[in-house]
Ligand code: SME
């Protein structure tokens with residue numbers, strides 16, 4: 001398995017290459033899905049007019065293409081501006097289900113100068129799949145996406 005550093009180096013290359021934010025996000029989603037087999041669903045939501053709107057993703061289609069800030073783990077991460085890790089989604093009343101197989105979730109906000117522009121959302125079919133290393137990886141990827149969104 002490639003290290004976070006190797007993935008970030010590749011992501012930095014993609015950030016230098018792609019000017020169009022949608023293409024860059026698509027490249028980041030591809031990279032994460034490919035490099036971390038336990039990332040069963042990988043997507044990016046962008047914040048527009050107080051609503052989280054689903055952008056590029058890989059995995060099963062989700063009914064949650066628009067999420068208000070007061071709903072879901074996604075809404076909680078965007079409202080707080082902090083990464084949220086949920087070890088068991090079935091124990092969290094905020095959770096909005098996308099697939100019955102999903103057991104754990106991580107959501108990392110995409111921040112620019114303290115402002116939330118969107119977030120990276122990952123679901124895993126394994127319980128408690130996400131650690132501090134995943135948080136670091138996703139926050140680093142989010143930091144590469146953010147400047148392209150402003
Ligand atoms: N589980 C998320 C909704 C998005 S789907 O997982 C893709 C949530 O609780 O906000």
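When segment 57-70 is filtered for residues that are assigned to a strand (DSSP E or B) and near the ligand (Cβ under 8 Å from one of its atoms), the ones remaining, listed by number, are 57, 67. Residue 42 fulfils the conditions (1) out of contact with any helix residue (DSSP H, G or I) (no Cβ under 7 Å at 6 or more places or on another chain); (2) within 21 Å of residue 143 (Cα to Cα); (3) not in a loop (DSSP other than H, G, I, E, B) except for a single criterion, (1).
Residues in segment 71-124 that are farther than 23 Å from residue 140 by Cβ, surrounded by 15 or more Cβ atoms within 10 Å (Cβ to Cβ) and away from the ligand (no atom under 11 Å from the Cβ): 103 alone.
Being part of a strand (DSSP E or B) and within 16 Å of the chain's Cα centre (by Cα) holds for only one residue in 54, 96, 32, 24, and it is 54. Looking across segment 128-145, the residues that are outside any helix (DSSP H, G or I) and either farther than 14 Å from residue 38 by Cα or touching a strand residue (DSSP E or B) at 6+ places or on another chain (Cβ under 6 Å) (or both) come down to 128, 129, 130. Filtered by the rule that a residue be surrounded by fewer than 19 Cβ atoms within 10 Å (Cβ to Cβ) and either on the phi > 0 side of the Ramachandran plot or within 16 Å of the ligand (Cβ to nearest atom) (or both), segment 21-41 gives 33, 38. Go through (1) within 11 Å of the ligand (Cβ to nearest atom); (2) closer than 17 Å to residue 110 by Cβ; (3) touching a residue at least 24 places away in the same chain (Cβ under 8 Å) one by one and return the number of the condition residue 54 breaks. In the conditions (1) within 11 Å of the ligand (Cβ to nearest atom); (2) closer than 17 Å to residue 110 by Cβ; (3) touching a residue at least 24 places away in the same chain (Cβ under 8 Å), residue 54 misses (3) alone.
All of the numbers you see were taken from the coordinates with simple rules; none came from a lab. In this text, all values refer to a predicted model and were calculated from it rather than measured experimentally. Methodologically, a virtual Cβ is constructed for each residue, glycine included, from the backbone with ideal geometry; neighbour enumeration extends over all protein chains shown.
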